[in-house]
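These notes concern the structure reproduced below.
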Amino acid sequence: MRPTKSSDQEIKSFLAKYSSWKLQNEKLFREFVFKDFKEAFAFMQRVAVLAEEMDHHPEWSNVYNKVNIALTTHDARGITKLDFELAEKVDKAATK
């Protein structure tokens, strides 16, 4: 089943609950800052496993201790429940 684009209200509700995520360029966006590159890379490895399990992959970049993640569902041309679910898992992965 193809995911459906979330409503503006669903996105606002998510952002109210997860205030560290922002809406940027019509995507969920968050920057994570770690102690060093090793911690940032370990986080990326944890997220890669989660994303692969969900078959839903983030747009991301890494420079030294910073990891920027943008989430959108290309098939739906916008943010879907898959993005909310992955964002929640990413937040948990950041605390390990």
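Observations
- Label sites at Met1 and Glu31, each approximated as a point 7 angstrom past Cα along Cα to Cβ, lie 3.8 nm apart.
- Carbon plus sulfur fraction of accessible area for the chain, probe 1.4 Å, in percent: 51 percent
- Over the chain, the alpha carbon radius of gyration divided by the compact-protein estimate 2.2 N^0.38 Å works out to 1.04.
- Projecting the Cα atoms of Asn62, Thr4, Phe34 onto the charge dipole of the chain (Cβ charges, centred on the Cα centre) puts Phe34 farthest toward the positive pole.
- Structural descriptor for the chain: relative contact order 35 percent, calculated from alpha carbon pairs under 8 angstrom and at least 6 residues apart.
- Computed E for Ser13/Trp60 - FRET, C-beta separation, R0 30 angstrom, nearest 0.05: 0.80
- Neighbourhood charge, 10 Å Cβ-Cβ cut-off, centred on Leu82 and excluding it, Lys, Arg +1 and Asp, Glu -1: -3
- With R₀ set to 22 Å, the beta-carbon distance separating Ser20 from Val49 gives a calculated FRET efficiency near 0.55.
- Within a straight-line Cα-Cα reach of under 20 Å, Lys66 can be paired with the following aspartates and glutamates, leaving aside sequence neighbours fewer than 8 residues apart in one chain: Glu31, Asp36, Glu39, Glu88, Asp91.
The values are calculated or read from the model by the stated rules, or taken from the named source; none is laboratory data. Note that this is a predicted model, so its numbers are computed, not measured. All Cβ positions, glycine included, derive from the backbone under ideal geometry; neighbour counts span all protein chains shown. What goes into the accessible areas is simple: the full protein's heavy atoms, side chains included, and nothing from ligands, DNA or RNA. Shrake-Rupley method; radii C 1.70, N 1.55, O 1.52, S 1.80 Å.
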